[in-house]
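Single-structure report; data block below.
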Protein chains: 2
Amino acid sequence: MLGNFKFSNPTKLYFGKDSLNFLKDELKNYGKTVMLSYGGGSIKRNGIYDSVVNILKSEGKTIIEDGGVMSNPTVEKMYEGAAKVRDNNVDLILAVGGGSTIDYAKGIAASAYCETDPWKTYYLEQKSPVCKIVPVASILTMVGTGSEMNGGSVITNHKENLKIGKVFDDRLMPRFTILNPEFTYTVPTYQMVAGFFDIMSHLMEQYFSNFDDNTTDYLAEGLMRSLIHSSLIAVKDPKDYEARSNIMWTATWALNTMLKMGKHGDWMVHMIGQAIGAHTDATHGMTLAAVSIPYYKYILDGICNNGNKGIEKFKRFAVNVWNVREEGKDDRQLALEGINCLEKWMKEIGVVMKASELGVKEDMLEAIADSTITYPTDYRTLNHNDVVEILRQSL
Amino acid sequence: MLGNFKFSNPTKLYFGKDSLNFLKDELKNYGKTVMLSYGGGSIKRNGIYDSVVNILKSEGKTIIEDGGVMSNPTVEKMYEGAAKVRDNNVDLILAVGGGSTIDYAKGIAASAYCETDPWKTYYLEQKSPVCKIVPVASILTMVGTGSEMNGGSVITNHKENLKIGKVFDDRLMPRFTILNPEFTYTVPTYQMVAGFFDIMSHLMEQYFSNFDDNTTDYLAEGLMRSLIHSSLIAVKDPKDYEARSNIMWTATWALNTMLKMGKHGDWMVHMIGQAIGAHTDATHGMTLAAVSIPYYKYILDGICNNGNKGIEKFKRFAVNVWNVREEGKDDRQLALEGINCLEKWMKEIGVVMKASELGVKEDMLEAIADSTITYPTDYRTLNHNDVVEILRQSL
């Protein structure tokens, strides 16, 4: 645990089959006007919408409808939602959906009273809000992003070919989140497994950084083992409550800032994946899956050629996460075996293994690399050409 | 993850070598009168007291001195401290010390304005406070209890031969805690390793309960592995910052309520250990260490005789925490090997292995068992005679 850091996470979590029952009491802490933000309407088909609306009405709330949040929420939608918050003097934004809807809710909560262009201020320039912020709460219906207990918000600007994440401070974290694993049962398989890989990527991107011994890495290993175990059950039986509930809990802790304490993190898989998303509008978790194996092999090559200490973490990943036995293997073999186990698991749960499946073509690689934000990382820092090469290997 | 539960932990943590620098800003959130609660005076010898007092003075605070908190804080001291809080109209209780001091601070914070006898109301009857509560914050100087990020408070009543823990709600959790691993360097070895075992016991007592697959068990395994690794370094070199910082972080997460989500817990080692403490005033962690091996062997015997499913967790403990290989071993052998690994580690870090070393004698066993609170647990529920037998095997 190196460095100095602050941990503070005010989000209250209500978990379990009956967790929606807690909404009633939480609503008493907020004013009369509640904006109900949600996605394409699946919550209307599965009954969650009606349940939530009934509770809001029984508490005497005025509901401002705000449906149609897309899976990669756009800057245009954010401007529109922010205006709606301001015009209606909204007291609470209740996001019902997956990470996209919650990310969007944070975006409009910070933008409603922002006196500058919020896309430019928060996302491009990564500044903090100085204006009034509207409280956000969430009811999670799709698992993966961890947005339910952090300040993260990813917004896409198609005109600029940019998909950028902003990590807001405590003020934008959901005040409370309702986590009912049964609410995730109706998510289509493609989105479900994309979410599983998003979780794994959050765990790995924090794990594969730094060189010191750090308690958070042991926690990350535990969460990876739990995720691997439960995901293999869930893909066979999506209504296995035990598996789905463990995955839901794992997703929350994978990115609620616990695992970043004392760690730099290396978010290049997200950076490349988000660039693919900006160019293709593909499902977030699948963009990460498509580049991960090429990415980790590329990093490993760099480590092996440069004698970088990161090899220890790759070995540890193989042994502690995948139970690979060490005897008679050199460092590189052991590390590769870990990556091979990851690849095997990815195929078992059924994620996209090639960026070409998401519509990426050879002639787009330069442009996607141009949209990829790069920065120095611990194990192997990438430049533009490295990104192009990783993308090429993912075709 | 079975059941419905709520997770909420408002404690802000400031971690690292420079973490005391954050005290200044936090103090601005509280009124003028700060009660400074601490133990026997070690913080005066190692300079922490002066550093804290200087910051309090520079922020214009009126300091109410409250030293002399004993390692097992007594009900008499709690009454005295509560009166001091009330008489001085204290705005913030700043506990500087280990778990005892922080436990005591919560006790007086809940007792100052309590209109009934707080020992009876909170500890004997386990009721919640209905009176005004004074905010508590902490600066940790000894690691183990986890009191720095939870609502736990253990108070001893020597007249009644009782040492009872109360878990208060969010309102009594420290508002903020400063965690500087260097502040723990001067703790004597005996107290340091007692703290290490206290952490291990918190992890095991939550782990060895329930029969379902649960993400929190994977997290507990990660924390156990980190603790085992770092404790073996720290006993050789108590000033190894990396090891001490990992242990400090592990201790906090071992008992900040994360690991109790979806778990029943089985706190019988603490119940028996606290009864020993009430009769001998021995160091808390050592009372747990003295009974743990007999306790876990006794539980395992019960499981093996009754075909209880808990055997799975004992096997898992051996394999996932201690890297025991499974081949060619039956359930009981595998489970015992895990307990033997635990015993070997305890001897390596140097904890007390016998209750007799703490002053427990054969003719005290009945009385200690009388002071032990028992309740139904998942793997093997103990009665009075079971407790006597475990105590006898610990002599």
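Laboratory data are not the source of any read-out in this text; all were calculated from the coordinates shown. Please read these numbers as outputs of a predicted model, since none were measured by experiment. Backbone-built Cβ (ideal geometry, glycine too); neighbour counts: all protein chains shown.
If you run the Gaussian network model on chain A, springs between alpha carbon atoms under 10 Å, then out of A:D50, A:D330, A:D370 the most flexible one is A:D330. Phi angles of the range B:59-70 translate, via the Karplus equation with coefficients 6.51, -1.76, 1.60 and θ = phi - 60°, into HN-Hα couplings of 8, x, 7, 8, 9, 9, 6, 8, x, x, 5, 7 Hz per residue; Gly and Pro are given as x. Annotation: amide H of A:T62 within the under-5 Å range of A:T33, A:V34, sequence separation 5 or more or interchain, hydrogens built in the peptide plane.
Summarise the partner chain shielding of A:246-254 as one whole number: the mean count of Cβ atoms from other chains within 10 Å of each residue's Cβ. Please report the intermediate quantities before stating the final value.
Values: counts 9, 2, 2, 8, 5, 1, 2, 6, 0.
The per-residue average across the peptide is 4.
Distance between the modelled labels on B:N385 and A:D237, one decimal in nanometres: 4.1 nm (7 Å Cα→Cβ projection).
Calculated on the Cα set of the range A:12-184, radius of gyration then Dmax: 14.8, 44 Å. Given in Å, the Rg to one decimal and the Dmax to the nearest whole number for the Cα atoms of the range A:189-393 are 16.3, 47. Across chain A, Cα-Cα pairs more than 41 Å apart make up 11 percent of the total. The alpha-carbon of B:K77 sits under 25 angstrom from the alpha-carbons of these lysines, leaving out residues fewer than 8 places away in its chain: B:K32, B:K44, B:K61, B:K106, B:K120, B:K127, B:K132, B:K159, B:K163, B:K166. A point 7 Å from Cα along Cα→Cβ stands in for A:N161, and the other copies hold the same point at 8.0 nm, listed in rising order.
Let's see if you can work this out: charge +1 on each Lys and Arg Cβ, -1 on each Asp and Glu Cβ, no other charges. What is the dipole magnitude of the range B:190-393 about its Cα centre, in debye to the nearest 20?
Result for the range B:190-393 is approximately 360 debye, rounded to the nearest 20.
For the range B:113-126, putting each phi into the Karplus relation 6.51 cos²θ - 1.76 cosθ + 1.60 with θ = phi - 60° gives couplings of 10, 6, 8, 10, 6, x, 4, 5, 5, 7, 8, 5, 9, 6 Hz, in residue order, rounded to whole numbers and with x for Gly and Pro. Couplings 3J(HN,Hα) for the range B:258-266, derived from phi with the Karplus relation 6.51 cos²θ - 1.76 cosθ + 1.60 (θ = phi - 60°), are 4, 7, 9, 5, x, 10, 7, x, 9 Hz, where x marks Gly and Pro.
Let me check I've understood the local charge: for A:A367, count other residues with C-beta under 13 angstrom from its C-beta, Lys and Arg +1, Asp and Glu -1. What total comes out?
Working: positive: A:K361; negative: A:E160, A:E362, A:D363, A:E366, A:D370.
Taking every Cβ under 13 Å from that of A:A367, the sum is -4.
Structure remark: mean-square fluctuation, Gaussian network model of chain B, C-alpha springs under 10 Å; the largest value among B:S371, B:S201, B:S356 belongs to B:S356. Comparing mean-square fluctuations of B:H384, B:H279, B:H270 from a GNM of chain B with C-alpha springs under 10 Å, the top value falls on B:H384.
For B:N46, the point set 7 Å out from Cα toward Cβ sits 5.1 nm from its twins in the other copies, listed from shortest up. Other residues whose C-beta falls under 13 angstrom from the C-beta of B:T250 contribute a net charge of -4, scoring Lys and Arg +1 and Asp and Glu -1. In terms of Cα atoms, the Rg and Dmax of the protein assembly as shown work out to 26.8, 85 Å.
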